[in-house]
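Engineer: Take this structure, written in structure tokens, and hold onto it; I'll ask about it next.
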Amino acid sequence: MKQALTRQRRLIVLSTFLATCHQAGEAAVPFLIGVIIDRAVDGGVGDLFLWLGVLGAIYIGLSYSFRYGARTGERASEQAAHDLRLQVTRRVLHDRGGAETGRLPGALVSIATSDTARVGAVAVAIVYGTAAVIAVIFSAVLLLSISIPLGLLVLLGLPPLMWLTRLIGKPLEARSETEQEHGAHASGIAADLVAGLRVVKGLRAEEAAVERYRVRSRTALTATVRAARAETAYQGIVIVVSGLFLAVIAVVGGILAVRGDITVGQLISSVGLAQFLVGPLSTFGWVGADLAQGRASAKRVAAVLSADEAVAGGEQTPVTPVRGAIELRVREIAVKLAPGEIVGVVATDPAEATEIVRLLNRSFDPADGTVSLDGVALSSLRPEELRAAVLAVEHHTDLFDGTVRSAVALDRAGPATVDAAMAAADADEVARNLPAGLDSVLGDGARTLSGGQRQRIALARALAADAPVLVLHDPTTAVDAVTEARIAQRVRAMREGRTTVLITTSPALLAVTDRVVMLHEGAVVADGTHGELAAGDETYRETVLA
């Protein structure tokens, strides 16, 4: 939080100066009214008009200072929140990962939006909190000029009042952090349910899904209510304490006027200043609440930004040009791929298939074994440069909003490459059935398309990347057999001469590979062509052809 606000220090300082000028002007108004009354009583017409002119000038100044001070403060708040949002986004999208560990996507969205906004709001709290403190001190100086007891009363009473405000704000900070945590978790579950709505309906698990969300939502609601009660109690206590403080000031001023120690105008100034102090002192209530909530949100943001990296180390770059030789030795699995080879991998355990994909895209490093590219261990390569050479696509992929063309090209593939990739994935047929073809907009994650249509566009995107090494995990599970066979032949033609790994149990895809490696119970149990294994390996036939 400190770093985010420090970057906006110029705006915060300017806004604080303008807000302080406004508060000083507001405090000067009741004081000047008392002076004007005394001048009118004394009969000095010239002095009367002079002070009236000063009062008018102060009104103009406090009006403009409030307007531009508020504008500058809000700008600092929004820019601080925006900078934090960018930092959180960069950390979540960082090549080395780790920020998403233990957090649902919806929770990360909540942190990047709600929590960063609360941290940004601290800038406004600092501005008005500082201005309120200075306004109280300035009022005390004015009261000292009227009466030393009144001025001392304010100056000596302010520190205990602010200490008490800080003390009673601690429970609010704790409850605010809990509120944000439960709210983020509820948002994460809601986002997951929306994303997997078709699966939930297909399994007829609507009631279970709703109940899961209801339980989490009730927990979040309870935390929100507790935080709201804490905030209400906090502000109520601050208002009561501030009111008592102001009542003491008014009573002391009245006693001094009765005793003749101050004039009528000074009494009016004292009462007016006491009434003015209601504003700055009540400001401490919401400022304290914003600071407490901001500190709680800052802890959550900091937890994301400081999350351990999923893959540490590795600063080398791949050997250029990339030949595409892959060697994977993990536990009892030993697989070698020659440059330009198209290899199928069949895993009887789906978890093993997913693990291989994630090892090759370096989502994590193997605890036991090594994976290498052209003789260089992946753990010694920088993830961002490795992934430019080895594109390992997991089975579940998302499509970004935008046109079909932009979803496939990702601003890096040219028109000819996009067209070739669309044809190879048989996604050109999908585009032809859309209103604007490749320029049709895929809104809301392309949920208007069928699963097979989305899968073909995702495959086209992977092919358009034109990576030296391409790893595909079950890229055609939602496609009919005829289309799948056509895609298999086209993928083979497009990837000829470049290393390609097809992790699948699809006979159509395996039939176009140079050879197939079969994994069973954590070890390589067969290696040969699809035809050889289909004819001579019972486990292979049961896995692939059953």
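The values are calculated or read from the model by the stated rules, or taken from the named source; none is laboratory data. Source: prediction; values computed, not measured. Virtual Cβ from ideal backbone geometry, glycine too; neighbours counted across all protein chains shown.
Engineer: Look at region 138-156 and say how many of its residues are buried (at least 17 other Cβ atoms within 10 Å of the Cβ), modelled with pLDDT of 75 or more and part of a helix (DSSP H, G or I).
Structural biologist: Filtering region 138-156 down to residues buried (at least 17 other Cβ atoms within 10 Å of the Cβ) leaves 138-140, 142-143, 146-147, 150-151, 153-154.
With modelled with pLDDT of 75 or more added as a condition, the list becomes 138-140, 142-143, 146-147, 153.
Filter once more, keeping what is part of a helix (DSSP H, G or I): 138-140, 142-143, 146, 153.
The total comes to 7.
Engineer: For region 65-87, state whether one or more residues are in contact (Cβ under 8 Å) with a residue 40 or more places away in the chain and more than 30 Å from the chain's Cα centre (by Cα).
Structural biologist: Yes: region 65-87 contains one or more residues that are in contact (Cβ under 8 Å) with a residue 40 or more places away in the chain and more than 30 Å from the chain's Cα centre (by Cα).
Engineer: Suppose we filter ASP428, ASP374 for residues that are in the same structural domain as PRO507 (by TED's automatic domain parsing) and at positive phi; which single one remains?
Structural biologist: Unique residue meeting the criteria: ASP374.
Engineer: How many of the residues making up region 86-95 are basic (Lys, Arg) and surrounded by fewer than 19 Cβ atoms within 10 Å (Cβ to Cβ)?
Structural biologist: 1
Engineer: Condition test on VAL252, is it of a type in the set (A, V, I, L, M) and more than 37 Å from the chain's Cα centre (by Cα)? Don't jump to the end; show me each part of the working.
Structural biologist: Details: of a type in the set (A, V, I, L, M): yes; more than 37 Å from the chain's Cα centre (by Cα): yes.
Taking the combined requirement at face value, the residue satisfies it.
Engineer: Moving on to the next point. Only one of (1) under 21 Å from ALA353 (Cβ atoms); (2) modelled with pLDDT of 95 or more; (3) assigned to a helix (DSSP H, G or I) is not met by GLN455, so which one is it?
Structural biologist: Only one criterion is unmet by GLN455, namely (2).
Engineer: Looking at LEU244, LEU277, LEU221, which is the one that is crowded, with 18+ Cβ neighbours inside 10 Å and among the aliphatic types (A, V, I, L, M)?
Structural biologist: LEU277
Engineer: Condition first: among the small types (Gly, Ala, Ser), within 22 Å of GLU484 (Cα to Cα) and in contact with a strand residue (DSSP E or B) (Cβ under 8 Å, 6 or more places away or on another chain). Can you find one or more residues in region 438-459 that meet it?
Structural biologist: Yes: one or more hits.
Engineer: Pull up region 493-543, narrow it to residues that are hydroxyl-bearing (Ser, Thr, Tyr) and in a strand (DSSP E or B), then point me to the one that is nearest to ASP474 (Cα to Cα). Give the derivation first.
Structural biologist: Taking region 493-543 as the starting set, the residues that turn out to be hydroxyl-bearing (Ser, Thr, Tyr) are 499-500, 504-506, 513, 529, 539-540, 543.
With in a strand (DSSP E or B) added as a condition, the list becomes 499-500.
Values: THR499: 17, THR500: 13 Å.
Taking the candidates together, the pick is THR500.
Engineer: Among the numbered criteria (1) part of a loop (DSSP other than H, G, I, E, B); (2) closer than 30 Å to GLY369 by Cα, which single criterion is violated by ALA546?
Structural biologist: Failed condition: (2).
Engineer: Moving to a separate point now. Mind listing whichever residues of region 335-366 are crowded, with 19+ Cβ neighbours inside 10 Å, assigned to a strand (DSSP E or B) and not aliphatic (A, V, I, L, M)?
Structural biologist: GLY344 - this is the single residue of region 335-366 that is crowded, with 19+ Cβ neighbours inside 10 Å, assigned to a strand (DSSP E or B) and not aliphatic (A, V, I, L, M).
Engineer: Looking at (1) in a loop (DSSP other than H, G, I, E, B); (2) among the acidic types (Asp, Glu); (3) at pLDDT 90 or above, find the lone condition where ASP83 falls short.
Structural biologist: Evaluating ASP83 over (1) in a loop (DSSP other than H, G, I, E, B); (2) among the acidic types (Asp, Glu); (3) at pLDDT 90 or above leaves (1) as the failure.
Engineer: Does region 14-26 include one or more residues that are exposed (fewer than 15 other Cβ atoms within 10 Å of the Cβ) and either among the charged types (D, E, K, R) or at pLDDT 85 or above (or both)? Outline the logic, then answer.
Structural biologist: Within region 14-26, the subset exposed (fewer than 15 other Cβ atoms within 10 Å of the Cβ) is none.
No; the residues of region 14-26 include none that is exposed (fewer than 15 other Cβ atoms within 10 Å of the Cβ) and either among the charged types (D, E, K, R) or at pLDDT 85 or above (or both).
Engineer: Looking at region 512-528, I want the residues that are under 15 Å from THR499 (Cβ atoms) and assigned by TED's automatic domain parsing to the domain that holds LEU472 and have a partner that is in a loop (DSSP other than H, G, I, E, B) and not polar (S, T, N, Q) with Cβ atoms under 6 Å, at least 6 apart or on another chain. Which pairs are those?
Structural biologist: ASP514/GLU341
Engineer: Sticking with this one: Evaluate region 479-492: report whether one residue or more is modelled with pLDDT under 95, polar (S, T, N, Q) and assigned by TED's automatic domain parsing to the domain that holds GLU355.
Structural biologist: For region 479-492, residues modelled with pLDDT under 95, polar (S, T, N, Q) and assigned by TED's automatic domain parsing to the domain that holds GLU355: present.
Engineer: Going by what's in this entry, would VAL471 be described as part of a strand (DSSP E or B) and at pLDDT 90 or above?
Structural biologist: yes
Engineer: Only residues that are of a type outside the set (A, V, I, L, M), more than 9 Å from the chain's Cα centre (by Cα) and either crowded, with 17+ Cβ neighbours inside 10 Å or not assigned by TED's automatic domain parsing to the domain that holds TRP286 (or both): list them for region 101-118, please.
Structural biologist: Hits for region 101-118 are ARG103, GLY106, ARG118.
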